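Quick note: the coordinates plus some simple rules give every number you see, no bench work behind them. Because the structure is predicted, anything quoted here is derived from the model rather than measured. No Cβ is skipped: glycine too gets one built from the backbone with ideal geometry, and neighbour counts run over all protein chains shown.
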Amino acid sequence: ARFDRSQTNWEHLARIESSPAYDRDLDFRAATLLFDRHWYGELPCGPAEVESLRSVYLRVPEAAAK
């Protein structure tokens, strides 16, 4: 997925989800929501949140190789 700094996280998500190459097993929607809540909401992020985002991040290369 290309990165465009002028787009919001949700615009990126819409573009990614509309791609025929998108691996539906990756839950970018939940990851985007979690990121937004903690980054923009300035909420503390604990080990569970870090692990949740990390698990999606680590699966991206595997999904891209399909």
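Yes/no matrix, rows are residues, columns are (1) under 9 Å from the mean Cα position of the chain (by Cα); (2) assigned to a helix (DSSP H, G or I); (3) of a type in the set (A, V, I, L, M):
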position: 20; (1), (2), (3): no, no, no
position: 23; (1), (2), (3): no, no, no
position: 30; (1), (2), (3): yes, yes, yes
position: 35; (1), (2), (3): yes, yes, no
position: 44; (1), (2), (3): no, no, no
position: 51; (1), (2), (3): no, yes, no
position: 55; (1), (2), (3): no, yes, no
position: 60; (1), (2), (3): no, yes, yes
position: 63; (1), (2), (3): no, yes, yes
Next item on the list: Mind telling me which of the residues 42, 62, 51 ends up being at positive phi and either among the β-branched types (Val, Ile, Thr) or without any contact (Cβ under 8 Å) to a residue 12 or more places away in the chain (or both)?
Entry: 42
Checklist line | In region 12-35, the residues that are among the small types (Gly, Ala, Ser) and surrounded by fewer than 16 Cβ atoms within 10 Å (Cβ to Cβ) | finding: 14, 18, 19, 21, 30
